[in-house]
Structure formats: C-alpha cells, structure tokens
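Okay, so here's the structure we're looking at.
We did not get these values from a lab; they are worked out from the coordinates using the rules stated. Small disclaimer: the values here were computed from a predicted structure and weren't measured. When we count neighbours, we look across all protein chains shown, and the Cβ atoms used for this are built from the backbone with ideal geometry, even at glycine.
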Amino acid sequence: MGTLLCVLVGHSSARKEFYFVEECPRTSFWLRSVTREKGLVTHLYRKYSSRVEVCHTFDIKYLLGVSISLRQVRMKKKIVITSVQPNSAAMEAGIEPGDLLLTVNGQQITDIFDYRFLTTDSNIILEIGKWNGEIWEVEIEKDEYEDPGIEFEDPLISGAKHCTNNCLFCFIDQLPKGMRKTLYFKDDDSRLSFLSGNYVTLTNMRRGELERIVRYRMTPVNVSVHTTDPELRMKMLGNRFAGDVLKKIRILTDGGINVNAQIVLCKGLNDGPELDRTLKDLSALWPGMASISVVPVGLTKWREGLYPLEPFTADEAAQILAQVGQWQKKFLDEYGTRLVYLADELYIKAGVELPLYEEYEDFPQIENGVGLMTQFIYEFKRYLDENGSILDKQWKGRPPRTVSIATGRCAAGYIGQMTQMLEERFDGLKINVYAIENNFFGENVTVTGLLTGRDIADQLGDRTLGGELLISRSMLKSGEELFLDDFTVEELGSVLDIKITVTENDGADFIVKVLGTSCREGESFGETDRCDSWQA
C-alpha cells in the first residue's frame, strides 16, 4: 500500500501549489507541518511531475489547508522492471532496475499486450513504485511506437499460459527424466507467438481473447493447425475443444491479423488425403493465411507408453515433396506465392536437393527450420564472394590451421560441401566435419540443435580435432553456454582438452570462425584493407 498526502500550500488565495508528500507518516506530518509554526517535508513531489524538492520548508502562515488521502495499490502480481535500456526515454525519466510499474496512463497492466498497446503514443504517463516506497508519476515523451526502453522480470508480465492439450506427437512428452525443469513446461500462449515466434493451438482461447489480438494488432500469430478435420484434430491434440480451428483462425484473418500455420506431419494420421484437405482449407484463407509449413514429426527413443508413431522413410519423404510441390505450383499460379513450404529434413531424407534461395520467398517460416540450410548456404557464398579478396590477403602467410566441426547428421553433408570450398581456397586449412549421433534422444533425431554436450564429448574423445572445435549456437540455451543435458561449453572444452568456439547461425560468421579471422563488417585489416560492408 502506498500513502499519498496531498498538501495545499500558497502565499495567498490567488496562489496555490499542490504537492504529493511521500514517506511521511500521517501523525508525524501533522505534528511537524501543521501544529508547529514551521514544517519540514523531506519527500516532496510536484503534482504530475517526478521532480524531487528535497528538504523543502514552508511557514505555517502560508499553509492554506491539508488534505490527506490514502490509496491502496492492489496488483495481482508485481510488475518488476529488471533492466532499462541505455539512453532510452525510460532512463532519462529516472526509471531504474528494481522499480515497479504500477500503471500506464492510469490503467493497470494485465499483460504485455496491454503494455505494448498503451505505450504506443508519443506521450505516456507511467506510475512507478520506487524501492523506498515512493510513487513517481513520470511523463515520457518519445516517438510514436518507440519502445520506452523497459524490460520486465516476466517478459509476458502475467506468466505464460500452460498447454491444455495432450498431443499424440508432443516432443516434451518424449523427453527423458532428469532434465532441467524449464524444458518440461508446455506453453500455449498467443503472446509468446507474437513475441518469440512460438506456435499456439488456439484451443485455450475464447472469442474475446481472439478479438483482443485483433484490437491490439498483434500480428502475425503462428498457429499449430496439423489438420482441419475437426474429429482428427481433436484426436491428435487430445482435446475436445480442438475442432474449431478454422473458425478461430478466420476471426483473426478477418480482423487483419496474418497467420502462419504449421502442420506436424504424422504417418497414417494427417498425411496423404488429409494433408490435401488441410492445405485446401487453409489456402482459402489467403492472404490472411500468410504461410504454411509442413514438418515431419520428431520422434525420440523415449516413447514408452505413447501413441505408436513411425518416422517417414526416404520414399515416403519423396512422395510428400511431390504432393506438396503440386500445391506450390497451384498456389503460385493463383496467388503469386508458393504459400506452403517444407522442412529441410524432408528434402535431406529423400535425397533431393534443397530449393533455391528465391523459392523460399521471404522465408516466413525460418524459425521453424524451414529453409534454414538454404539461407545458411546463401549467406556463406555471398560473404565469400564479397569478401574473398580481403580474406585471401589476410590468410596469406599464415601457418597451417586445423579445426573440427561437430554437427548433426541432417546438416553434415551440406556443412561438408562448404568446408571443402574453404579448404580448396585457403592453402594449409584442414577442416574435420564430424556428424554426431544423437544417443541422448535416439537415432531418429538428426538436427544439430538437439545435440548434447555429453554425446559430443563421448564421440570425439579419440578423434583428431586440431586446435579448435566449432559448435553451433543452436545447441545451447538462449543466452547461456549450456547444452540440453546441462553439460557446459567449458566442460566440453575441458574433457576434450581443446578450445571451443561457438558459431552463430549464419553463413558469414561460420566462415570467420573457421578461418579464425576477424573479417567482419566495419573491422580493419592492416592499414588500408577493410571488409566489404555486408550484414548477414
């Protein structure tokens, strides 16, 4: 509870000044400021201002009156500010980490949607609770839609909504016991879809929540559809409320919200004719239906007691490519876009070359692993073409260099092709590419991002590694050097007795790390040479 004392001070009836007095108990204030000839108020704020007037004194003869009011600030959850961006409007206003956000423009905040919507204007008023109990009313002037520069302890403010489904193919249900708790949390939250690109099923959303997304213009929304057959979707998601997905998506698209749909393809369930039906139904919502991805179900070895699912064979993957390819041609003719895109794993499984860079258009489903390798190769080749002469000069005269790369089986072939190009261009460069078998999750899991530190350590212990081992950032927890099995990068380096270098998920950084150079945008080489300006 915060106590606000409103004091009226003036030299005559024509002049009045209104103050909020903080951190001064009612009895103490009365004794010091009203019953004596002079009063001393140690925390004095001008109304509608955050400016402090410390140790302000005034004579009782100028005191016109005292109005004391109490206000309780009741919040379901404290909205803690954890960081303030440098040089932001919030920092200039004196907001600090540890402060509490109480209201925006007089309204309490329910979640991040409220905050984003209410802070879009160029002039906003934030009510801030300080660590010492003071309550500031801060007016911020900024550009319209500019972020005030505040980050919260809980990015969603109100916590993530838990998934209420029981999907037959859920990857989290296939995790082994003993992993860190956060990996077992199943979210199904449209706010995470907008903020982080997560996919949601919409089964836990009522019409009012969908209309709120439309009202706040939170676009796009990524939706896990899987099938548009109501009965089949209820079966696959294990939820009797899952059958009305088309109706819910239409509320969004009719309201101007773009939707990216995902189909996790399960053999014998939503493939074949069911896939055709789903693509037909979803395409009818174009252009609001912005893109559709088709990805094969991920199956680990930890499936005891779960619904019997099987991985697709190479021939079956080729059939899926042909089937979806026909839809891509149809959509390209009718809409001017391919609309539907297939996961990299299906091409690699079928032994078919990946599509050209242009065929992914604007890569709408890149975060879902769709087009990831094609984009990586494009970045690799472009960077090498545009910066090759500088790299050649920098490499000339260097001693031989041997490095190793740990990658998943799915990407190993393409990584090998790129490293061969580097070896042929740079004399003395030797690159070992090791395809790591995923013993932790099982042989059916082949993507690089699901490799664990222990598997890498066990399989590379007796291999020739050279002076450096490169691993992809996709293997690690966001913002930390921690594998899925809680093995750390430092531990991996210690076990293998080698320097570990983490490569970012772009082809340009891959070249830089393999060569051990610093040829990046804006960095100098010698007295005159600079890398060409290009940003992946």
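Given points 7 Å out from each Cα along the Cα-Cβ axis, report the F171 to Q417 separation in nanometres with one decimal.
So the two model labels end up 2.4 nm from each other.
Is there a pair in K396/K513; K430/K513; K235/K329; K248/K280 whose C-alpha atoms are over 20 Å apart, and which pairs would that be? Write down the numbers at each step before the final one.
Details: K396/K513 17 Å; K430/K513 13 Å; K235/K329 31 Å; K248/K280 17 Å.
From the list (K396/K513; K430/K513; K235/K329; K248/K280), the Cα-Cα distance tops 20 Å for K235/K329.
Evaluate the distance, in nm, between pseudo-label points positioned 7 Å from the Cα of K329 and of E504 along their respective Cα→Cβ axes.
With each label placed 7 Å out from Cα toward Cβ, I get 4.0 nm.
Antiparallel DSSP bridges in segment 375-530: what percent, to the nearest 5? Intermediate values should be presented prior to the final figure.
Numbers: 3 of 19 bridges.
Among the beta bridges of segment 375-530, antiparallel pairing accounts for roughly 15 percent.
Give, in nm to one decimal, the length gained when the segment between K396 and D244 is fully stretched (0.36 nm per residue of separation minus the Cα-Cα distance).
Numbers: separation 152, 0.36 × 152 = 54.72 nm, distance 6.34 nm.
Fully extending the segment from K396 to D244 adds 48.4 nm.
Starting from the 7 Å offset along Cα-to-Cβ, what nm value, one decimal, do you get for the label separation of R425 and D486?
Taking the simple label geometry, R425 and D486 are separated by 4.3 nm.
Rounded to whole Å, give me the distance from the Cα center of segment 398-464 to that of segment 225-246.
If you average the Cα positions of each part, the centres end up 40 Å apart.
What aspartates and glutamates sit close enough to K349 to cross-link, taking a C-alpha to C-alpha distance under 17 Å and skipping anything fewer than 8 places away on the same chain?
By straight Cα distance, K349 reaches D271, E310, D315, E316, E437, E443.
In whole Hz, what ³J(HN,Hα) sequence does segment 114-124 give by Karplus (6.51, -1.76, 1.60; θ = phi - 60°), x for Gly and Pro?
4, 4, 4, 5, 6, 9, 6, 5, 6, 10, 9
Which of the aspartates and glutamates could be linked to K177 by a straight reach, that is with a Cα gap under 12 Å, when you skip same-chain ones fewer than 8 residues away?
Output for K177: D485.
Report the percentage of all Cα-Cα pairs in segment 81-152 whose separation exceeds 13 Å, rounded to a whole percent. It would help to have the intermediate numbers written out before the result.
Values: 1571 of 2556 pairs.
Beyond 13 Å sits 61 percent of the P(r) for segment 81-152.
Treating cross-link reach as a plain straight distance, find the aspartates and glutamates whose alpha-carbon is under 13 Å from the alpha-carbon of K142, omitting any fewer than eight places away in the same chain.
Hits, sequence-local ones excluded: E92, D121.
Could you calculate the FRET efficiency of A322 with E386 from 1/(1 + (r/R0)^6), where r is the beta carbon distance between them and R0 is 25 Å, rounded to 0.05? Let's see the in-between values first.
Values: r = 36 Å, r/R0 = 1.46.
Step by step, r from the Cβ atoms, then E = 0.10.
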